[in-house]
1. Among residues belonging to the stretch 134-159 that are in contact (Cβ under 8 Å) with a residue 40 or more places away in the chain and within 30 Å of residue 45 (Cβ to Cβ), point out the one that is surrounded by the most Cβ atoms within 10 Å (Cβ to Cβ).
2. Do you know which of the residues in the stretch 75-88 that are in contact with a helix residue (DSSP H, G or I) (Cβ under 9 Å, 6 or more places away or on another chain) and surrounded by fewer than 18 Cβ atoms within 10 Å (Cβ to Cβ) is nearest to residue 149 (Cα to Cα)?
3. Residue check: is residue 72 outside any strand (DSSP E or B) and exposed (fewer than 13 other Cβ atoms within 10 Å of the Cβ)?
4. Count, please, the residues in the stretch 98-129 that happen to be crowded, with 18+ Cβ neighbours inside 10 Å and over 24 Å from residue 22 (Cβ atoms).
5. Can you confirm whether residue 119 is touching a helix residue (DSSP H, G or I) at 6+ places or on another chain (Cβ under 6 Å) and modelled with pLDDT of 95 or more?
6. Is it true that residue 65 is within 21 Å of residue 124 (Cα to Cα) and either modelled with pLDDT under 95 or touching a strand residue (DSSP E or B) at 6+ places or on another chain (Cβ under 8 Å) (or both)?
């Protein structure tokens, strides 16, 4: 399902207009966040799920980089997933730490569940170019960073659209 070739696109309906969903449109060079690939032939609803996941992933990346608050993350996630993020965020904030480097993700699979209200994705988060740093710029050793991480991510649809509900690590350095 991964394709490292030219950017593919899927069409998604957003605000009444068709918006192409491509690796480039999901990436943000200003914050060193890259979507490496997405599955081919996503339908409109799967494209919305991909956009929601990337909104979550980018929001967490940006929050850990600038340590200026969690509002964006809170708006794209729910309950336990938000609390898991917030725990790490608060620990880093208390210690005066933030992340630097480059983050990238590969979206391998997107499945809409039969209930129409939930979705399951598999992704590979590449954190090999990320480092944890202290206020003074010194690198802080971290067992959590510096790896590729295979994740299963679950999203639910609420009144505002798709949001990340949970994620689980399926493997480290196994993408």
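1. Among those that are in contact (Cβ under 8 Å) with a residue 40 or more places away in the chain and within 30 Å of residue 45 (Cβ to Cβ), it is 155.
2. The residue in question is 88.
3. It is false that residue 72 is outside any strand (DSSP E or B) and exposed (fewer than 13 other Cβ atoms within 10 Å of the Cβ).
4. Number satisfying all stated conditions: 2.
5. It is true that residue 119 is touching a helix residue (DSSP H, G or I) at 6+ places or on another chain (Cβ under 6 Å) and modelled with pLDDT of 95 or more.
6. Yes.
The values are calculated or read from the model by the stated rules, or taken from the named source; none is laboratory data. What you see is a predicted model, and the numbers here were worked out from it, not measured in a lab. Note that we place each Cβ from the backbone using ideal geometry, even for glycine, and neighbour counts take in every protein chain shown.
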